[in-house]
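Below is one structure; the comments refer to it alone.
Every number in this text was worked out from the coordinates using simple rules, so none of it is lab data. Just so we're clear, the structure is a prediction, and the values are computed from it rather than from any experiment. Virtual Cβ from ideal backbone geometry, glycine too; neighbours counted across all protein chains shown.
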Amino acid sequence: METYENTRFRDRRLQRWLLAGLGIVLVGVGGIGVFLPGLPTTIFLLGASWCFARSCPWLEERLIRVPLFRPFLGYLDNRAAMPRHTVVTTLVIMWIAITASVVTVNLGAELRPVLGGLIIALGLVGTLCVLRMGRRKPQATDIQPPPEMKT
């Protein structure tokens, strides 16, 4: 007869495998987003990092060390603020891609204006996230006290 502990262990193991698999899929979509304009990369890498942190922390470490993704993950540290020129460049490229997507989507049928509105709304959310990353300030816990003077 199977005990409660065995069932719980098996369920936890299945959950870890599913999260790791989802993380791998998200890395793949994020990798496509590096080369395909208009497909966000950072959000998929954040999702993959979250999945890996809960299933296989060593996969999260490998994700952070991949040179292809390093530019997208560099500003995720709470202490790092995006330089102003990076924020402006990101927003300009992002809104060019959003505009192209909305124009392309609205060339068709009746339901497509709703989809165009959704793209714009998600673009506004992304804009707020980028602006927030550009305004970060060091937290009180990040400030290191000066070294003690030896007497």
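For the residue pair Arg54 and Leu124, what label-to-label distance in nm results when each label sits 7 Å from Cα along the Cα-to-beta-carbon direction?
About 2.9 nm separates the two model spin labels.
Need one number: nm distance between label points at Arg65 and Ile96, each 7 Å from Cα along Cα→Cβ, rounded to one decimal.
Distance between the two pseudo-spin positions: 3.5 nm.
Taking amide hydrogens as modeled 1.01 Å from N in the peptide plane, which residues meet the under 5 Å criterion relative to Phe69, leaving out close sequence neighbours?
none
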